[in-house]
């Protein structure tokens with residue numbers, strides 16, 4: 001408890017916010033890039049998962065998971081993008097991980113992914129409130 005009080009977060013705040021931005025979106029970039037490269041497969045996956053308008057869903061997923069995630073890393077339009085990511089992440093939780101409609105071996109991994117998305121949305125809410133810090137294009 002005392003260690004937290006003595007650590008000067010103020011002097012490290014911008015670096016910590018940059019690290020947090022990277023950590024928050026690295027998952028999106030890692031899984032979004034293959035969606036971009038295999039677009040037709042992404043559309044087919046969207047159709048099989050029950051996503052509405054699979055072609056549009058694939059386009060939205062790729063935009064959010066690659067260029068929008070990179071903009072978060074760069075700290076450009078950070079607050080509005082963080083708010084959009086909240087809705088995107090909650091939407092993918094409900095559409096892609098509806099564990100309450102599943103049975104058997106599908107329930108637990110989808111429940112984990114559903115609540116993982118809820119947690120990520122919480123991270124984006126914090127980013128929207130805190131902002132990107134001074135190591136960002138927004139602050140330049």
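Values in this text are rule-based calculations from the coordinates and carry no lab data. Note that this is a predicted model, so its numbers are computed, not measured. Quick reminder, even Gly has a Cβ in these numbers, built from the backbone with ideal geometry, and neighbours come from all protein chains shown.
Descriptive notes on the structure:
- Matching option when the condition is closer than 18 Å to residue 127 by Cβ, in a helix (DSSP H, G or I), touching a helix residue (DSSP H, G or I) at 6+ places or on another chain (Cβ under 7 Å) and in contact (Cβ under 8 Å) with a residue 60 or more places away in the chain, among 18, 24, 81, 90: 24
- Among the residues of segment 41-78, those that are surrounded by fewer than 15 Cβ atoms within 10 Å (Cβ to Cβ), in contact (Cβ under 8 Å) with a residue 40 or more places away in the chain and over 23 Å from residue 134 (Cβ atoms) comprise 49, 50, 52.
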